Amino acid sequence: MFENIKEVFRMFFKSRLAVAAVLMTVLFGVLLWRVFYLQIVKGEKYQDNYTLKIVKERTLNSTRGNIYDRNGELLAYNELAYSITIEDNGSYSSTDKKNESLNAEIAQVITALEKNGDAITDDFKIDRTGEGTYEFNVTGTSLKRFLADVYGESSYDDLGMNKKLGYDTSQATVDQVMDYLRNDCYGIDDSYSDEMAFKITIVRFAMAQNAYQKYIATTIATNVSEESVAYISEHAQELQGVEVMDDTIRKYNNSEYFASILGYTGKISSEEYAKLSETDDSYTTNDVVGKGGIEQYMDSYLKGEKGYEKLYVDYLGKAIEVIDRKESKAGNNLYLSLDSDLQIAVYNLLEQEIAGIVYSNIDNPSSDIPIPITDVYFALINNNVIDLSHFDSTDASTAEQSVSAIFSARQDVVKSQLREQLTGNTPTDFKDLSEEEQDYFTYIIRRLRKNNILADSNIDTSDEVYQQWQQGECSPKDYLNHAIAQNWIDITQFTVDEKYSDSTEIYDALCNYILEELFYEIDFSKIIYEYLITGGQISGTQLCLILFDQGVLPYNEEEIAALNNGSVTAVSFLKEKIQNLEITPAQLALDPCSGSCVVTNTKTGEVLALVTYPGYDSNRLANNVDTEYFNSLQDDKSLPQYNYATQQETAPGSTFKMVTSTAGLAEGSITIGERIRDLGVYENVSNHPKCWIFSSNGGTHGEINVSEALRDSCNYYFYEVGYRLATNNYSTAYNDSLGIEKLQKYASLFGLNERTGIEIEEAAPQIANEFPVMAAIGQSNNNYTTVQLARYVTAVANEGTVYQYTLLNRLEDSDGNVLQTFEPQVRNQIDVLDTEEWNAIHSGMRMVVENTKEFDGFPIEAAGKTGTAQQNLKRPNHALFVGYAPYDDPEISIATRIAYGYTSHNAAKLARNVFAYYFNVENEDELLNGQAANGNSSSNEISD
């Protein structure tokens, strides 16, 4: 038996086929077991390992710290919101497929967002106009940086002639940029409308700033609606890389009053990223940062610290499991030195005072510079209170249609006149044109120069024809033809598609550009409207009715009927609306329409209010910029984004005379008891300047001392002080440099030689460097901001302590722990005067207030100095006042300026009302809601 079995095995193994069969069977069995083990026994584990092989790290943004006033009133905070982000995490077989897929997905998201009333984030440097054209919305360095980003260069200097594109990329036009991005970069085909293609370009360009790194999300919309959130969630499978993220948006309370101080937040620009990342590598190209003001200055303290989470994602980039997480840390909370209630009250008092000045000077024959009512009518159009674009809409009102018809008829006539002057056989010299035609051609030439078509760098100003044009002895036709002949005209700036063989064809193309493009610009149309209004073809009543039609004023059937039947005139109607602040000075942008006021604690140097008028709504610029609103701010002639308290510089006028008094007393040029006789005309210098009272009525102030000179604001007295400083008290010959040197020395002691230290943008001061006699009364080229005058008068009030200002109070962490405190530091102490000399200056300032009618009966003893500054003979003077109260123990100081405010008495009245509010000596409601016109002076008084 055993031998038989042995023989079977021997025979089996002698067969190669049999051995192979056994081997195959064994191997197959092993394979089956391995498959069973992997699929069944260890299947779940290995499936996880296969799926979870992509690790993504996602940044967790921190919550920005709040900003409060000194009393804990909330000024800036965060509100929970949703954002939509997109990542390029797809795999594509070609660039064309990538473009096709991404563009379609972005278009789908944009369509859904807009259907739900949301919009994409737009910080693109190009705008699309209502006419479908494109224009850059940045200039200078920002435009250069943008062009470098567009063409993929690290620096603008690397741009240049691109042979493939056929043009110099450093000088690329907006149309060339759009064509390059749409077609060469992103392959956005013609199946999309131009508007949609533009929006896709915005998103694609934003994604490009993240260099298309996988898993780097780009925020394409913020603060979206619940409907948009639902749409994105429901379509998550088809919208690859698109997610809804929990987010916050920045909000501002009472933003109009604090916008110029706080600034706002927005997506970081490439320039900001390059600068900030040099010192802080936590910044990314998708961050939100402070844009101006305290938000920008304190950004590193407010922004907090980012967290992160590491997670597994599938091949579509969808999150599956979080494997590690570090929570973000909230930003610190900041408290300012400002008192928000005082800030708001001063703003309202300032607006009320300015409105009163405008009201008092409308059609006022006793005013030195009256405001014609036709200027008020035109201001409604000129400053875009009335929307001209609505005149041609299908729902235009009867009044709008009527005005539009009048304009259209006149527009045809004007165009015919211009064509005749440009192409006719008998062109007219500029000086012989009507005033209206001169305005049209002035606008045309100015625009040609601004657009670099008639480039200043090309013009030979010594050219004979150019000189004739400057003198008005050349026609527009002859001037432009000569400019072409001299190669001053760069036709490539307005056409790139055609080539012209001779100067005649170039001139024809230029005329076509003028008559078909410049002629239809809104600012050109406004010139036509201005002449229609001043000529009476368009009435004030029509414009007043349009204010109701367009919702500028709330619908009021009674008032509309009164305007229609003539029982109320347009003049009285508008004056009442101005008086009641239903139409504000900022809306009209006439003189005056702006002002500023700074209130300081004289004992501590704390800035309690820093007000600029007008303000703006920073909520509409924060997070996702309201482009239409932003553009309206840029076009607003009252310049609401300009901080008049810290950036506007004018001569200080007579408010400078305390500096001159200090210099005279300290240098021994005068004493507190010495009396100088005012002779009316100062004969010691060649320009023979006059005292204001001599110019006013031929009188003089007689013999006066320094206190009385301040009281009377006697120019003659301070001319003499300036002269003595320049002659070493008559011991040497008159030396202009010596006098200026001494005035500069004492102005510098008061801090007028440098910025105040506030943490927001501030213009540098200018102490006069010529003509000491004129500089002594605050003229020459003295120029200071309101906040600089505030620091100066604070030092006068407290007898010589000059503070380095700060707008900050303290910094706390999110748990309320104080991290850092801020307080004004003493810059220097003025110790050149003794107590009696300080008293002499203070006494003079007290007498100023006692002799200023606006303070009649005021229960708080105050001191101050009025000042006027003439900048333009055709415009009113700037009105200034600096002062403090109470007189015996100063608590606060004030500096205020109303640009083109006619007389310093208007600034004094504002100061009086601020004192009344601060010391609570009058009913607050009556003070803040009084009629705007009450008590305002209508004449251009010069008493200082």
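Read the figures in this text as sums done on the coordinates, not as results from a lab. Note that the coordinates shown come from a computational prediction; the quantities given were computed from them, not determined experimentally. Ideal geometry is used to build each Cβ from the backbone, glycine not excepted, and the neighbour counts take in all protein chains shown.
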Item checked: Convex hull volume per residue in cubic angstrom - Cα atoms of the range 743-794 -> 69 Å³
Checklist line | Set of lysines near Lys56 by C-alpha distance (under 20 Å), chain-local residues within fewer than 8 positions excluded | finding: Lys214, Lys306, Lys310, Lys318, Lys326
Next item on the list: At 7 Å along the Cα-to-beta-carbon direction for both Tyr308 and Asn564, put a label point, then send me their distance in nm to one decimal.
Entry: 6.9 nm
Notebook entry, point to check: Which percent of Cα-Cα pairs in the chain sits in each 10 Å bin, short to long?
Noted result: 2, 9, 15, 18, 19, 16, 9, 4, 2, 1, 1, 1, 1, 0, 0, 0
Check: Tell me, what is the FRET efficiency for Ser191 and Glu135 to the nearest 0.05, using R0 = 22 angstrom and their Cβ-Cβ distance as r?
Finding: 0.30
Check: If you wrap a convex hull around the Cα atoms of the range 611-928, how much volume per residue is inside, in Å³?
Finding: 167 Å³
Margin query: How tilted is helix 2-14 with respect to the longest principal axis of the chain? Cα atoms for both, answer in degrees (0 to 90, nearest 10).
Written below: 50 degrees
Notebook entry, point to check: Of Lys251/Lys577; Lys251/Lys865; Lys98/Lys163; Lys125/Lys275; Lys199/Lys267, which sit over 28 Å apart, Cα to Cα?
Noted result: Lys251/Lys577; Lys251/Lys865
Margin query: To the nearest 20 Debye, how big is the dipole of the range 121-211 about its Cα centre, given +1 on the beta carbon of each Lys and Arg and -1 on that of each Asp and Glu?
Written below: 240 debye
Next item on the list: Provide, for q = 0.22 Å⁻¹, the log10 of I(q)/I(0) from a solvent-free Debye sum over equal Cα point scatterers in the range 310-411.
Entry: -1.14
Item checked: Helix-derived mean residue ellipticity, 222 nm - over the chain, DSSP H n ≥ 4, -39500 (n - 2.57), to 500 -> -12500 deg cm²/dmol
Check: Which value in Å is the Kirkwood Rh of the range 135-270 over different Cα pairs?
Finding: 17.9 Å
Check: What's the exposure ranking of Glu353, Glu73, going from fewest to most Cβ atoms within 10 Å?
Finding: Glu73, Glu353
Note to self: Rg and Dmax in Å for the range 681-796, alpha carbons only: what are they?
What the structure shows: 15.3, 48
Check: Ranking Phe146, Phe822 by Cβ neighbours within 10 Å, fewest first, what do you get?
Finding: Phe822, Phe146
Next item on the list: Check the straight Cα-Cα distances from Lys431 and name the lysines below 19 Å, setting aside those fewer than 8 residues away within the same chain.
Entry: Lys477
Notebook entry, point to check: Tell me, what is the Rg over Rh of the range 373-437, with Rh the Kirkwood radius over Cα pairs?
Noted result: 1.10
Check: How large is ³J(HN,Hα), in whole Hz, for each residue of the range 504-518 in order, when computed from phi with the Karplus curve 6.51 cos²θ - 1.76 cosθ + 1.60 and θ = phi - 60°, using x for Gly and Pro?
Finding: 5, 5, 5, 5, 4, 5, 5, 4, 4, 4, 5, 7, 10, 10, 4
Item checked: Efficiency of FRET between His688 and Asp184 - r from beta-carbon atoms, R0 56 angstrom, step 0.05 -> 0.20
Item checked: Fewest-first ranking of Thr426, Thr821, Thr903, Thr602, using other Cβ atoms within 10 Å as the exposure measure -> Thr426, Thr821, Thr602, Thr903
Margin query: Please give the Cα centre distance for the range 652-714 versus the range 171-230, rounded to the nearest Å.
Written below: 66 Å
Check: Can you work out ³J(HN,Hα) from phi for every residue in the range 548-565, in order, using Karplus 6.51 cos²θ - 1.76 cosθ + 1.60 and θ = phi - 60°, giving whole Hz and x for Gly and Pro?
Finding: 6, 4, 9, x, 5, 10, x, 4, 9, 4, 5, 5, 4, 4, 5, 5, 5, 8
Checklist line | Nearest 10 degrees, 0 to 90: helix 786-797 Cα axis against the chain principal axis | finding: 50 degrees
Check: D for the range 95-139, whole µm²/s, Stokes-Einstein with Kirkwood Rh over alpha-carbon pairs at 20 °C and 1.002 mPa s: what number?
Finding: 170 µm²/s
Margin query: Above 25 Å lies some portion of the pair distances; for the range 217-325, what is it as a whole percent of all C-alpha pairs?
Written below: 39 percent
Next item on the list: Please name which of Ile188, Tyr134, Met161 has its Cα lying farthest along the dipole of the range 121-211 towards the positive end, using unit charges on Cβ (Lys, Arg +1; Asp, Glu -1) and the Cα centre as origin.
Entry: Met161
Notebook entry, point to check: Could you give the Stokes-Einstein D for the range 398-528 in µm² per second, using the C-alpha Kirkwood radius, 4 °C, 1.567 mPa s?
Noted result: 83 µm²/s
Item checked: Percent antiparallel among DSSP beta bridges (both partners in the chain, rounded to 5) -> 95 percent
Check: What FRET efficiency do you get for Ser101 and Thr534 if R0 is 56 Å and r is their Cβ-Cβ distance, rounded to the nearest 0.05?
Finding: 0.40
Next item on the list: Please report the orientation-averaged projected area of the range 121-211, defined via the convex hull of its C-alpha atoms, in nm².
Entry: 6.1 nm²
Check: About its Cα centre, how strong a charge dipole does the chain have in debye, to the nearest 20, once Lys and Arg get +1 and Asp and Glu get -1 at the Cβ?
Finding: 3020 debye
Notebook entry, point to check: For helix 570-579, what angle does its Cα long axis make with the longest principal axis of the chain, in degrees from 0 to 90 and rounded to 10?
Noted result: 80 degrees
Check: Using θ = phi - 60° and the Karplus curve 6.51 cos²θ - 1.76 cosθ + 1.60, what whole-Hz ³J(HN,Hα) does each residue of the range 382-399 get, with Gly and Pro shown as x?
Finding: 5, 9, 6, 5, 8, 8, 5, 5, 7, 4, 9, 6, 5, 9, 4, 6, 4, 5
